[in-house]
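So the structure is just underneath, and the comments pick up after that.
Just so it is clear, none of the values below were taken in a lab; they were calculated from the coordinates. A quick note: this is a predicted structure, and the numbers were derived from the prediction, not measured. Cβ: placed from backbone, ideal geometry, glycine included. Neighbour counts: every protein chain shown.
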Amino acid sequence: MHKLLTDRAGEKMLLLGNEAIARGAVEAGVAFTSTYPGTPSSEISLNFFQMSQESDLYFQYSTNEKVALEVAAAAANAGLRSMAVMKHVGMNVAADALMTLAYVGVKAGMVVLTADDPYMFSSQNEQDNRFYGKLSGLPVLEPSTVEEAKALVPYAFELSEKLKEPVILRTTTRINHSTAVVTLDSIPPRVTKGTFKKDPFNLVTVPAVSRKLHAKLLEHIKEAKALSETSPLNFIEGEGAWGIVCNGVSFAYVKDAIKDLDVAEKTKVLRIGFSHPMPEALIQQFLKNCQKVLIVEEGEPYMEEAVKAFAQQDGNTVEIRGKGEGLFSRLYEFDPQTVRECIAAYFGIPYTKPVPVDVSDVPEVPARPPTLCAGCSHRATYHAVKKAVEGMDTIYPTDIGCYTLGVLPPLSMADFLLCMGSSTGTAGGFSKATDQKVISFIGDSTFFHSGIPGLINAIFNNHDLTLVILDNGTTAMTGHQPHPGVDMSRLHLEGYGRLSIENVVKGLGVPFVTKIKPYKVKKSIEAIREAVQFKGVSVVISEEMCVLYAKSLGLAKGKPFRVTDKCKNHRECLSIACPAFFIWDGKVNIDPDLCTGCAVCAQICPENAILPVKKP
Amino acid sequence: MKTTRVIIVAVGGQGNLLASKVLGEAALLADVPVRMSEIHGMAQRGGVVESAMVFGDAQSSIISNGEADVLVGFEPSESLRALNKCNAKTLVITNLSPLMPFTVNIGNGVYPDLDRLQELIREKTAKLIAFNASALAKEAGSIMAVNMVLLGALIQTGTLPLSADHVKEVIRTKTKKAFTTINLKAFDLGFSAARQHA
Ligand code: SF4
């Protein structure tokens with residue numbers, strides 16, 4: 001049985017933040033779950049996926065976050081407790097639906113989980129999604145620890161049902177990817193079938209209806225604010241005159257700092273866990289006997305602006321600081337030492353910084369950037385494109401996936417990237433704005449997610465570009481989740497449809513479509529050359545399963561290669577930057593344990609010096 | 001309870017996430033408060049994987065520069081890279097078997113000299129325990145068990161409020177059945193290696 005389905009209340013388990021959240025959802029009786037995978041949220045949905053295979057919990061990998069939110073919104077309007085899970089930037093994709101869902105509201109509880117990524121460990125920006133609360137009018141809840149992350153999910157569902165609105169649960173990477181001991185509660189039965197009651201004049205958002213619904217939303221916000229004022233998630237610890245307001249993981253750093261600096265008597269901490277709407281009266285009360293106040297929050301000065309405004313309303317002139325020179329940054333994530341230091345500096349507490357060892361005389365340690373796996377088919381495709389366009393002035397708009405790692409030299413196959421799906425739209429812009437040859441790259445999962453509209457646009461507006469679709473049969477980057485093009489029978493799962501990228505592209509009316517097997521180097525180069533020469537929109541579908549995925553499915557059949565003494569040390573093979581290669585004694589070698597036998601290097605070598613390892 | 005902060009650094013694929021999981025489960029078994037955090041995601045693409053473990057009474061699950069009580073490096077150059085996490089009182093345990101970064105493999109960048117690397121760490125920190133953990137893992141039956149070798153060494157030093165019995169119990173019950181014997185042997189080899197190299 002899946003460990004998160006253990007129905008033994010009181011049992012203690014060591015859980016990753018994302019497991020704790022998934023467990024919290026199960027303890028809340030969630031019935032309907034959906035996602036588009038994205039770090040740092042991915043393990044939440046992975047656990048839903050696994051649990052759905054052995055229980056009546058419904059889960060789907062949706063095409064993108066907007067669809068994930070829409071299916072969950074429908075389920076919640078049919079009376080099922082539902083949850084849509086996404087990373088912070090996924091919320092941008094879902095935002096169109098979210099804004100108006102706030103008008104329509106829900107019948108059963110609905111939670112939208114957004115996982116923010118301060119410091120951008122694995123994201124293209126570090127936007128602060130608390131602002132989605134303000135923008136949509138929906139409540140926002142934020143846990144400070146892994147244990148609280150679990151507890152917040154049932155709370156969020158109840159709040160959602162009280163307000164008849166979806167609730168935003170916002171985490172950050174250090175909640176999602178931290179681990180702690182969590183105590184299990186019991187699992188209630190799930191309500192897995194609902195009914196939809198027609199009510200078009202409250203549910204169909206034509207202008208006349210929406211005017212009424214917006215007024216209703218404002219009522220709900222007022223109600224939410226009253227709940228925030230007395231919520232146990234917004235609490236005060238201590239009675240000192242130095243005020244500290246904090247949220248999320250910062251609360252943990254603040255607590256440790258107060259202990260380390262031994263200032264518990266002097267401080268008073270307001271932890272905000274219900275951060276939209278902010279509890280105005282509670283904050284004004286908190287500020288009353290403070291000498292000065294420090295706001296500790298990662299990201300934007302979201303609470304700082306609110307607290308200052310509330311103080312002003314109340315005619316309170318107490319000094320309030322947060323972001324700014326000598327204090328906290330809007331950049332990146334915090335850590336215990338930064339928080340300790342800022343608290344000491346702001347309140348004038350004597351404090352000697354810990355002294356890290358002096359590393360000034362330590363020789364530079366060679367970089368170890370993540371690279372495409374040995375034998376990754378993306379490397380082969382990149383090589384073929386490079387050869388096919390030799391001598392041309394090119395632009396390579398790219399997209400989000402493992403293949404983005406092609407940005408690093410010596411591959412250097414990425415020139416422009418905004419967000420999921422942007423390769424197709426930006427390619428069209430570059431093709432019109434320049435005379436350079438535009439060849440853009442998109443993965444299969446990303447193509448389904450949001451690449452298709454840009455391609456349609458290119459056909460309609462008659463752009464001149466080549467789109468290379470890197471079809472490796474999975475969503476590799478985030479941990480091999482399925483997508484609409486995946487053969488689910490490989491995972492022994494039934495009841496799924498399957499879309500062919502080729503049919504989609506041809507159906508759209510792309511005038512030139514070709515398919516390559518990237519491990520066949522010569523043929524691939526020729527096919528790409530033809531596609532690039534085509535005037536108009538051409539699509540190259542490069543089909544080869546992700547080697548890591550193939551290995552996990554037991555489908556990797558390649559035998560390792562070796563460099564024989566025919567090698568003349570041109571080192572052309574190194575141009576593809578395969579990590580199975582190493583230089584030993586001035587000579588090129590292949591690590592047989594890493595080589596997957598894709599044979600791309602063997603086809604590149606002008607001396608035919610790379611051959612299969614002989615059987616012993 | 002005293003707080004003990006441990007950083008584990010490794011190269012993707014060396015199994016440090018399993019190592020921290022075993023320690024976390026052992027802490028749960030021993031009723032020792034524990035919080036940990038890890039940065040993964042690109043682990044399988046050969047990048048650096050770092051996990052932080054905080055035992056005892058602390059709320060934070062990450063460790064600031066200069067604040068690690070123990071640094072465990074699964075790979076020597078990664079131990080050196082993580083030296084900024086240490087202070088003069090830190091105990092460092094490192095594997096001495098290098099995994100060449102690809103940059104070095106293709107001739108960009110120089111791998112640090114292993115003797116100099118040990119000298120540097122010894123000079124700057126309280127204590128260094130350095131040995132070839134990969135060789136011991138192979139001796140135990142699989143290079144994959146290098147994580148268990150280093151766990152054994154870590155437990156031997158007595159810096160954590162966890163006994164070898166707690167950790168072995170977790171290895172027996174929570175790691176893959178097929179590897180239990182190898183893992184336990186690897187743990188013991190690491191345990192005695194730390195005693196020898198202390
Ligand atoms: S996981 Fe798959 S797609 Fe990603 S780098 Fe490795 S082989 Fe390539």
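Towards the positive end of the charge dipole of region B:84-198, with charges on Cβ (+1 Lys, Arg; -1 Asp, Glu), say which of B:86, B:140, B:171 has the farthest Cα. Selected residue: B:171.
When the helices of chain A are scored as -39500 (n - 2.57) per DSSP H run of n ≥ 4 and the total is divided over every residue, the value at 222 nm lands at -10500 deg cm²/dmol. Computed on region A:486-533, the Cα convex hull volume stands at 74 Å³ per residue. Between rounded, prolate and oblate, where does region B:4-197 land on the alpha carbon gyration tensor, with a ≥ b ≥ c its root eigenvalues, rounded for a/c under 1.5, else prolate if a/b exceeds b/c? The shape class here is rounded. Computed about the Cα centre, the dipole magnitude for region A:152-286 is approximately 780 debye when only Lys and Arg (+1) and Asp and Glu (-1) carry charge, each at its Cβ.
Given R0 = 41 Å, the distance between the Cβ atoms of residue A:585 and residue A:124 translates into a calculated FRET efficiency of 0.45. Taken as Cα centroids, region A:123-180 and region A:48-118 sit 13 Å apart, rounded to the nearest whole angstrom.
GNM remark for chain B: springs join alpha carbons under 10 Å apart, and the peak mean-square fluctuation among B:155, B:39, B:129 falls on B:39.
Between region A:294-335 and region A:478-519, how far is it from one alpha carbon centroid to the other, in angstrom? Answer, in whole Å: 49. Along Cα→Cβ, 7 Å out, is where each label goes; now give me the distance between the ones at residue A:74 and residue B:2 in nm to one decimal. Taking the two extended label points, one gets 6.0 nm. Once you've got the GNM for chain B with C-alpha springs shorter than 10 Å, pick whichever of B:150, B:136, B:18 has the biggest mean-square fluctuation. Checking each option, the largest mean-square fluctuation is seen for B:18. About its Cα centre, chain A has a charge dipole of approximately 1680 debye under the convention of +1 per Lys or Arg Cβ and -1 per Asp or Glu Cβ, with nothing else charged. In this structure, the amide hydrogen of residue B:49, modeled 1.01 Å from its nitrogen in the peptide plane, lies closer than 5 angstrom to those of B:10, B:11, B:12, counting only residues at least 5 positions away or on a different chain. A crude spin-label estimate for the pair residue A:607 and residue B:181, with each label 7 Å from Cα along the Cβ direction, gives 4.6 nm. Fully extending the segment from residue A:349 to residue A:462 would add 34.1 nm, taking 0.36 nm per residue of separation and subtracting the current Cα-Cα distance.
In the frame of its principal axes, chain A has Cα extents of 81, 70, 55 Å, reported largest first. For chain A, the relative contact order works out to 10 percent when only alpha carbon pairs closer than 8 Å and six or more residues apart are counted. Pairs from the list A:255/B:21; A:87/A:506; A:387/A:522; A:557/A:614 with a Cα-Cα gap above 20 Å: A:255/B:21; A:87/A:506. Considering every alpha-carbon pair of region A:27-86, the percent of pairs per 5 Å bin, from zero through the bin containing the longest distance, is 4, 22, 31, 27, 14, 2.
Comparing B:187, B:64, B:47 along the charge dipole axis of chain B, the residue lying farthest to the positive side is B:187, per the Cβ-charge model. Take the Cβ atoms of residue A:512 and residue A:259, set R0 to 60 Å, and the FRET efficiency comes out at 0.35. This model, with +1 at the C-beta of Lys and Arg and -1 at the C-beta of Asp and Glu, gives region B:73-198 a dipole about its Cα centre of some 360 debye. Sorting A:70, A:165 from the fewest to the most surrounding beta carbons within 10 angstrom yields A:70, A:165.
Once a ≥ b ≥ c are taken as the square roots of the eigenvalues of the Cα gyration tensor of region A:561-612, is the result rounded (a/c under 1.5), prolate (a/b larger than b/c) or oblate (a/b not larger than b/c)? Since a/c stays below 1.5, the shape of region A:561-612 is classed as rounded. Scanning residues 5 or more positions from residue A:516 or on other chains, those with amide H under 5 Å from its amide H are A:541, A:542, A:543, with H placed 1.01 Å from N in the peptide plane.
When chain B is treated as a GNM with alpha-carbon contacts under 10 Å, the residue of B:84, B:105, B:183 showing the greatest mean-square fluctuation is B:105. Measuring nothing but how far apart in sequence close Cα pairs (under 8 Å, 6+ apart) lie, relative to its length, region A:27-90 scores a relative contact order of 50 percent. When DSSP beta bridges are restricted to pairs lying wholly in chain A, around 25% turn out antiparallel. Taking amide H as placed 1.01 Å from N in the peptide plane, residue A:480 has its amide H under 5 Å from the amide H of A:475, each at least 5 places away in sequence or on another chain. Of all aspartates and glutamates in the structure, the ones whose alpha carbon falls short of 12 Å from that of residue B:185, not counting any fewer than 8 places away in one chain, are B:139. For region B:159-170, 3J(HN,Hα) computed residue by residue from phi via the Karplus equation (6.51, -1.76, 1.60; θ = phi - 60°) reads 7, 9, x, 10, 9, 4, 4, 4, 5, 5, 4, 5 Hz, glycine and proline entered as x. The string of couplings for region B:171-178 from the Karplus curve (6.51, -1.76, 1.60, θ = phi - 60°) is 4, 5, 9, 10, 9, 4, 3, 4 Hz, one whole number per residue in order, with x for Gly and Pro.
Projecting the Cα positions of A:418, A:151, A:258 onto the charge dipole of the protein assembly as shown (unit charges on Cβ atoms of Lys, Arg, Asp and Glu, taken about the Cα centre) puts A:418 furthest along the positive direction. Quick one: grab the alpha carbon gyration tensor of region A:351-458, order the square roots of its eigenvalues as a ≥ b ≥ c, and give me rounded if a/c is under 1.5, else prolate or oblate depending on whether a/b is larger than b/c. The shape class here is prolate.
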